[in-house]
Amino acid sequence: MKLKDIAHSRTGDKGDIINISVIAFDEKDYPLLLEQVTSTKVKEFLGGTALGEVTRYELPTLAAMNFVVQKALRGGVTRSLRMDKHGKTLSSILLEMTMDTKH
Amino acid sequence: MIKQEKTIRIGSGAGYSGDRIEPAADLIKEGDLDYIVFECLAERTIALAQLQKMQDPTLGYDPLLEDRMKACLPLCVSNSVKLISNMGAANPAAAAKKTAALAKELGLKKIKIAAVYGDDVISMLNFNTQNFLESGDSLSVLEDEIISANAYLGVEGILMALKEGADVILTGRVADPSLFLAPLVHEFGWSLENYPLLGKGTALGHLMECAGQVCGGYFADGAKKKVSNLGNLGFPIAEILEDGSFYITKLKDAGGMVTTATCKEQLLYEVHNPAEYLTPDVIADFSGVSFQELDKDIVKVTGATGKPLTGKLKVSVGYRDGYMADAQISYGGSYALERSRLAIEIIKERLRTKNLVVEDILFDLIGLNSLFKEATSPAIPQEIRLRVAAKTKTREAAVQLLNEVETLYTNGPAAGGGVSKVVTEIIAIQSILINKSKVAPKVEYFKS
């Protein structure tokens, strides 16, 4: 199972920082998201692309999480050499994260 | 819906400067609106507009101002809808003057147009004592390169204009949600110290400010997340009660959809800590927001609140930051990837032997690693587009780099094709903070 099977996502940018929301399609999957989509795993997944720290905020009423990623855009939207200066594509890429469904 | 209580209906007419105009016109015509808000100013737009104003003092406002006004202003007049927008960019007075002239041409008489400014704080910068929030550098390092400094204003200037009965309000830099919050404060007489209410109005503004994005724009994934009639995507309407509860909806005939899922994505868009969304008016708290689908395409929003501010305003400082070169060439078929990699080695060697200095350089193999790091075992692509992007101090260095990509035609690997070359001057943005008490919004009126 991949993250895309149970969640949807959108990236926003501010300077060199992006946020990536991860929202459960069905709130019954929210505990699984909380357990498996940790800031450590997101940092590891984005590593090599986004370079900075990852902070996770939880929104239980929305069955959603918000990841804030530092140093994500090679200097920020206005001066980034990246093809995707805003990091907008990273939300869909994160949805390819594999979920551990052994339990 | 409940009709006894006073409700305000606000439409969102643009989510960015280049946004589509037709959905805005439809909303004004059929949305039973009190206000329409056009949010058209990205972080860097105002710096670019400032450059334009330096060349021609009658310019420096949104390039689509005339097109939007021609399509929307007559409809606003015939449907009694007030228009609020930050299309004034670096020159709200010129935008208002231009709009007054256009209104006259269109036969619209006695339209009162307000220009709200005071956001330009470049004369207040203190180069020796202030530091950028992002890099930590002193402003003095970039003193000669700085071209603009605009504070994010809150609702105050727009409130002054509404009180004076303005029909059209054109601002410079105003925080996006404040464009929506101002008419609510005006209509309901909310206190500017009632932070929970300001938080609710800010949540409304934040959900609305990207127009189509809350109506199913930027949402469909082509597989699981389906959005019907995206070709005719509509823009959103918010209807709000005096107690700050509101719902988001759209025109019945418009494409797209308003669901809890589209609202959730938009609520968190460009948000860091959801409990502390900073604006010039309030620290809004979205952490307790919940969405409820009352009916098809009608979503009720409750639970936003807010707390008092810090007394500081964010200022976007625009500065010249050298040049960006972007050159591309395609390789296809047999050994496309090998030839792309060979091309990269050739470019690197030629830059070395030429002593061409670049501040930063990036080699992308589009289709393989331009958006994200390369997969560990990627499929062999049938075609590859090599992109060489570099940051240089001078335009000349950027042009030389572009030419090293172009000359791969006759001096590089076999069968490269479709070269493109672009040089752009980089106008970068960093931020500083300024005391709110130092910044006073000003309003000037023009009549058609």
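What follows is calculated from the coordinates using simple rules that are stated; it is not laboratory data. For clarity, every value in this text was computed on a predicted model and none was experimentally measured. Glycine gets a Cβ as well: all are built from the backbone with ideal geometry, and neighbour counts include every protein chain shown.
Across chain A, the longest piece that holds none of the GluC sites (Glu not before Pro) lying in DSSP loops with up to 12 other C-beta atoms within 10 Å covers A:1-52. Coupling constants for the stretch A:56-65 follow from the phi torsions by the Karplus curve (6.51 cos²θ - 1.76 cosθ + 1.60, θ = phi - 60°), and in residue order they are 10, 10, 10, 10, x, 5, 9, 6, 9, 10 Hz; glycine and proline get x. Compute the helix-to-body angle for B:65-78: its Cα long axis versus the longest principal axis of chain B, expressed 0 to 90° and rounded to tens. Approximately 20 degrees, to the nearest 10. Considering the protein assembly as shown at the alpha-carbon level, its Rg and Dmax are found to be 24.4, 78 Å.
Legend: translational diffusion of the stretch B:55-178 by Stokes-Einstein, Rh = Kirkwood radius over C-alpha pairs, 10 °C, 1.306 mPa s; D = 100 µm²/s. Charged neighbours of B:R9, selected by a Cβ distance under 10 Å, balance to -3 (K, R count +1; D, E count -1).
Each of A:L32, A:L81 was scored by other Cβ atoms within 10 Å of its Cβ. Arranged with the fewest first, they read A:L32, A:L81.
The mean number of partner chain beta-carbon atoms within 10 angstrom of a residue's beta-carbon across peptide B:424-436 is 2. The stretch between B:E5 and B:Y335, if pulled fully straight at 0.36 nm per residue, gains 111.8 nm over its current Cα-Cα span. Summarising the amide proton neighbourhood of B:I283: residues at separation of 5 or more, or on other chains, whose placed amide H is nearer than 5 Å comprise B:K307, B:L309. Extending 7 Å from the Cα toward the beta-carbon at both B:K354 and B:Y445 defines two label points whose distance is 6.0 nm.
Within 10 Å of the Cβ of each residue in A:8-15, the mean number of Cβ atoms contributed by other protein chains is 6. Within the same chain, lysines fewer than 8 places from B:K296 are excluded, and of the rest, those with a Cα less than 17 Å from its Cα are B:K225, B:K226, B:K250, B:K252, B:K264. Between B:N435 and B:N229, the modelled label-to-label distance comes to 5.5 nm, taking each label 7 Å out from Cα in the direction of the beta carbon. Along the stretch B:210-219 the Karplus relation, 6.51 cos²θ - 1.76 cosθ + 1.60 evaluated at θ = phi - 60°, assigns HN-Hα couplings of 9, 6, x, 5, 8, 9, x, x, 6, 10 Hz to successive residues, with x for each Gly and Pro. Rounded to the nearest Hz, the phi-derived 3J(HN,Hα) couplings of the stretch A:31-45 under the Karplus curve 6.51 cos²θ - 1.76 cosθ + 1.60 (θ = phi - 60°) are x, 5, 4, 4, 6, 9, 9, 8, 5, 4, 5, 5, 4, 5, 5, where x marks glycine and proline. Convex hull volume per residue, computed on the Cα atoms of chain B, equals 174 Å³. Candidate cross-link partners of B:K447 among the lysines, defined by an alpha-carbon separation under 19 Å and a same-chain spacing of 8 or more, comprise B:K70, B:K82, B:K97, B:K98, B:K104, B:K109, B:K110, B:K112, B:K163. Annotation: amide H of A:L51 within the under-5 Å range of A:A72, sequence separation 5 or more or interchain, hydrogens built in the peptide plane. Partner shielding of A:49-55 amounts to 1, given as the average count of beta-carbon atoms from other chains within 10 Å of each residue beta-carbon.
Of the trypsin sites (Lys or Arg not before Pro) found in the stretch B:191-255, the ones in coil according to DSSP and having at most 14 other Cβ atoms within 10 Å of their Cβ are B:K224, B:K226, B:K252.
Close Lys pairs in chain A (alpha-carbon distance under 20 Å; sequence gap of 8 or more, or different chains): 23. Bridging of B:K436 to lysines at a Cα separation below 18 Å is possible for B:K307, B:K312, B:K314, once same-chain residues fewer than 8 apart are set aside.
Pairs of lysine residues in the stretch B:319-429 that meet both criteria, 8 or more places apart or on different chains and Cα atoms under 20 Å apart, total 8. Residues B:F219, B:F127 in ascending order of nearby Cβ atoms (within 10 Å, fewest first): B:F127, B:F219. Ranking of B:F291, B:F180 by neighbouring Cβ atoms within 10 Å, starting from the fewest: B:F291, B:F180.
For the stretch B:62-140 and the stretch B:368-411, write down the distance between their C-alpha centroids in whole Å. If you average the Cα positions of each part, the centres end up 39 Å apart.
Taking the stretch B:4-28 and a reference point 7 angstrom along Cα→Cβ of B:N194, the backbone N atoms nearer than 17 Å belong to B:5-9.
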